[in-house]
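Notes follow once the structure below has been shown.
The values are calculated or read from the model by the stated rules, or taken from the named source; none is laboratory data. Keep in mind that what you see is a predicted model, and the values were worked out from it rather than measured. Please note: Cβ atoms are built from the backbone with ideal geometry, for glycine as well, and neighbour counts cover all protein chains shown. Accessible surface is based on the protein model in full, side chains and every heavy atom, while ligands, DNA and RNA are left aside. Shrake-Rupley method; radii C 1.70, N 1.55, O 1.52, S 1.80 Å.
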Number of protein chains: 2
Amino acid sequence: MTALEQMDNRESLTNFILNVVKIPKRDAEEITASFHPIELKEKEFLLKENVVSDDYLYLESGLMRIFLYGLDGEEITIDFFTENNIVFEITSFFNRVPSEAYIQAITTCTGYRISYDELNAHFHNKPAFRDFGRAILVKEFIASQRRNYGMINRTAKERYQNLLTTKPQIIQYAPLKYIASYLGVTDSTLSRLRKKM
Amino acid sequence: MTALEQMDNRESLTNFILNVVKIPKRDAEEITASFHPIELKEKEFLLKENVVSDDYLYLESGLMRIFLYGLDGEEITIDFFTENNIVFEITSFFNRVPSEAYIQAITTCTGYRISYDELNAHFHNKPAFRDFGRAILVKEFIASQRRNYGMINRTAKERYQNLLTTKPQIIQYAPLKYIASYLGVTDSTLSRLRKKM
DNA sequence: GGAATCACTTGACAAAAGGCAAGAAATACT
DNA sequence: AGTATTTCTTGCCTTTTGTCAAGTGATTCC
């Protein structure tokens, strides 16, 4: 038994599933069982540019980010992933195309992953898995829309305060420049905003 | 035969489906056949606040918008829908909760709709429908992410120019104030931007 | 442990965008 | 046609944010 398997206590994933979709507990446990444990060290990558993503990950603990390179070669952090959430790059994973983005662990991360082929097989064979898959897509889609709505028509200060209340872990572990590009402001502006608060 | 059925030529929907997901033509035609024709007049609503949405709509022709009321009672246009796209309010439709948003026709619109129960039944019984349903969720999710990315880290001018090239119909038919709130700027600012171009 | 790099802060100025209010232009409504 | 309403534009001034550049502090790495 490896160290990874030793700490393999999947209750958190089962609970997450039951929280997202109304299915019997045994179905949730069956879904959980089809995932594989994975661990990432600080700064390690789950996905890099030009690779076709094959990871659909339940993040049990830790903090991650997805970013890409802008026109001037600067990193733009698109989103942060916090524990007890699903992590994937939808375009590359579902459309089977090379990724334009990087997914990176900010802190040490643990979780459970499943490949595209595995996920797809379950999706077609198991009604509960299908409901789970759709529920995740719907949940993340809604989160993306909310983010849109929360960014537009708000000042940088309001956006930062909102992040502070919704994902305080990020402020604690992510460097200022990640947060600044996520909020769409320069490092200087964010630094000044912080001083005023 | 009513006027609505007379003009019922569903090829555009079948082509749309075939464009979105790789399934046999007969399966696409079967999906198409499960939709019902619908027409909306200028300014008519497909969805209003506090109602549980029951429309998953393929917009064949016309222009629509989804909006909600901000804290000061002002309308905020969240998104525009152009022809040859699927229109739905994901939160209310899939989670079966009262909508916070309005969906309104900007011009006269025609299309084909299906209810939640109908969609769900097909989703579980027909593999092709399932693939179609997921492909639409993935497609719209990606579009939402792209919009996020296209809004942040860009000036109002760049955002407007981008809209101009990607959805020129909007500039033609939607009043300035809809576009301004969509871009996250005031009417005055957008008016000035236009003059400079 | 000292050089190099990285993360963050700060100052001075410039550009972008907003607030408010007045007015012009277009549209809707008898 | 003529009034009312809505839509859009414009001027003046303020606030927000960006740019550039220098400086401080922390961290990494031979």
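In region B:174-187, which residues are touching a residue at least 24 places away in the same chain (Cβ under 8 Å) and within 11 Å of DNA strand C (Cβ to nearest atom)?
Within region B:174-187, B:S181, B:L183, B:G184, B:V185 qualify.
Tell me, which strands (runs of 3 or more DSSP E) wholly within region A:1-103 include 3 or more residues that are more than 18 Å from A:L119 (Cα to Cα) and out of contact with any Gly (no Cβ under 8 Å at 6 or more places or on another chain)?
On the way: elements: A:36-40, A:45-47, A:56-61, A:64-69, A:75-81, A:85-87.
Those strands (runs of 3 or more DSSP E) span A:64-69, A:75-81.
Conditions (1) within 11 Å of chain A (Cβ to nearest Cβ); (2) open to solvent by less than 20 Å² (accessible area, probe 1.4 Å), marked per residue:
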{"residue": "B:L40", "(1), (2)": "no, yes"}
{"residue": "B:E44", "(1), (2)": "no, no"}
{"residue": "B:G70", "(1), (2)": "yes, yes"}
{"residue": "B:T91", "(1), (2)": "yes, no"}
{"residue": "B:N125", "(1), (2)": "yes, no"}
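Kindly provide the set of residues from region B:8-55 that are among the polar types (S, T, N, Q), in contact with a helix residue (DSSP H, G or I) (Cβ under 9 Å, 6 or more places away or on another chain) and under 17 Å from B:F93 (Cα atoms), ordered by number.
Across region B:8-55, the qualifying residue is only B:S53.
Being within 16 Å of DNA strand D (Cβ to nearest atom) and either more than 25 Å from A:E100 (Cβ to Cβ) or out of contact with any Ser or Thr (no Cβ under 6 Å at 6 or more places or on another chain) (or both), is that true of even one residue in region B:137-147? Write out each step before concluding.
Step one: filter region B:137-147 for residues within 16 Å of DNA strand D (Cβ to nearest atom), giving none.
No, the conditions are met nowhere in region B:137-147.
Condition first: basic (K, R) and within 6 Å of DNA strand C (Cβ to nearest atom). Now tell me which residues in region A:188-197 satisfy that.
A:R192, A:R194, A:K195
Return yes or no: is A:N95 open to solvent by 50 Å² or more (accessible area, probe 1.4 Å) and either under 18 Å from B:L137 (Cα atoms) or more than 10 Å from chain B (Cβ to nearest Cβ) (or both)?
Values: open to solvent by 50 Å² or more (accessible area, probe 1.4 Å): yes; either under 18 Å from B:L137 (Cα atoms) or more than 10 Å from chain B (Cβ to nearest Cβ) (or both): yes.
The answer is yes for A:N95.
Filter region B:144-188 down to the residues that are open to solvent by 50 Å² or more (accessible area, probe 1.4 Å) and either within 12 Å of chain A (Cβ to nearest Cβ) or touching an Asp or Glu at 6+ places or on another chain (Cβ under 9 Å) (or both) and list them by number.
B:Q145, B:R146, B:Y149, B:N153, B:R154, B:T155, B:E158, B:Q169, B:K177, B:T186 - these are the residues of region B:144-188 that are open to solvent by 50 Å² or more (accessible area, probe 1.4 Å) and either within 12 Å of chain A (Cβ to nearest Cβ) or touching an Asp or Glu at 6+ places or on another chain (Cβ under 9 Å) (or both).
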